[in-house]
Structures are given as C-alpha cells and as structure tokens.
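A short worksheet on the structure shown next.
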C-alpha cells in the first residue's frame, strides 16, 4: 500500500507491521489497516530512528564531541609542523638568493678579468633587492677590495616567526655565516 511519502507493508510475521513514513520506519503490532496504524503509531514510536535492520541511525552528542576533540588535537600538531615548514621555506628562499648572487658576482669578476670585486649593487647581480616572495632584503658589502659579503635580512613579518635567522650571510670564499645554513 502506497500513499504520498508513506509506505506500508506486512512482513511474514503476523503480529508485526512496518510503516515507512517519509524515510522513517515505525514498527506496529497487530495492525491491519493504515488508519489503525496511524492512530497507533504515536504510541509505538521508537525512541531512536532505526534503519531496516533495527540499528540506530545518527550520532549522539558525546560521539560528536569526541570527534571534535580529536580534530582539535590533530590540528594543533599539524599547525606547529606547518609553521616550522613555512620558516624553512623562507630560509631556503634567502639561501638560494644568496647563492645565485654569489655565482653572478663570480661571473662578473671573470668577465671583467679583474683581481678585485667591483662595487656592484644588488640589482646588478639579482633581479630585485629582495627575495622573490619578499621575505628577506638582500645587500652586498665590501669589507676589502678583494672580498664581499652577501646578506639577507628578514623583514619584520618573518622576524616574528623566525627569531634565530634574522640575518643570513655568505662571503666570497663560500663561508656561510649563521645557524640557518644547517637546515
């Protein structure tokens, strides 16, 4: 028997009827007509919605709270790892820029066939005065005529996250100054 959203059928057991009312099942005893079933259904509603096999549908509040706590714990661990990864990416960007600048400085010296490093600006050996994402500002200093030191200084936003590597340096001999080169 079928009525708009309501399905009624009698299983093989004689004393049990099942009413499906808009996706919910109601088990009714000793009912023979739909009218009787609807009248009796309010009295025999199950405390929890059941599926075809009599298994509870849905989640309890405690189960949802436990899932939320687990998600928060995993997220807090993941966020710390994410921050550490971001710091390493910023450092790597600065180190790459310094190594590219050092290579270009050596190329400039070889092209000019000079025994001294000329007074080049950052933009002469690198596309701009900061790393590609702008996390570090680049500079060149010349302590002597035949030496240079390349430096990357963290901008204030990076310095808040990474207090250890506020400045990364590289000299003409390849000497890497600072704890940041270790990885």
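Overview of values
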item	result
Residue that is farthest from residue 172 (Cα to Cα) [pool: residues in the range 78-116 that are within 24 Å of the chain's Cα centre (by Cα) and in contact (Cβ under 8 Å) with a residue 40 or more places away in the chain]	83
Filter result for residue 74 (surrounded by 17 or more Cβ atoms within 10 Å (Cβ to Cβ) and either in a loop (DSSP other than H, G, I, E, B) or at pLDDT 90 or above (or both))	no
Selection status of residue 122, modelled with pLDDT under 90 and in contact with a strand residue (DSSP E or B) (Cβ under 6 Å, 6 or more places away or on another chain)	yes
Residue match in the range 93-116 (condition: in a loop (DSSP other than H, G, I, E, B) and loosely packed, with under 11 Cβ neighbours inside 10 Å)	yes
Scan of the range 171-183 for residues that are closer than 27 Å to residue 116 by Cβ and assigned to a helix (DSSP H, G or I), ordered by number	181
Enumeration of residues in the range 131-170 that are in contact (Cβ under 8 Å) with a residue 24 or more places away in the chain, under 19 Å from residue 115 (Cα atoms) and loosely packed, with under 15 Cβ neighbours inside 10 Å	145, 146, 147
Subset of the range 117-130 [assigned to a loop (DSSP other than H, G, I, E, B) and without any contact (Cβ under 8 Å) to a residue 12 or more places away in the chain]	118, 127, 128, 129
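The values are calculated or read from the model by the stated rules, or taken from the named source; none is laboratory data. On a predicted model such as this, the values are computed, not experimentally measured, just so you know. No Cβ is skipped: glycine too gets one built from the backbone with ideal geometry, and neighbour counts run over all protein chains shown.
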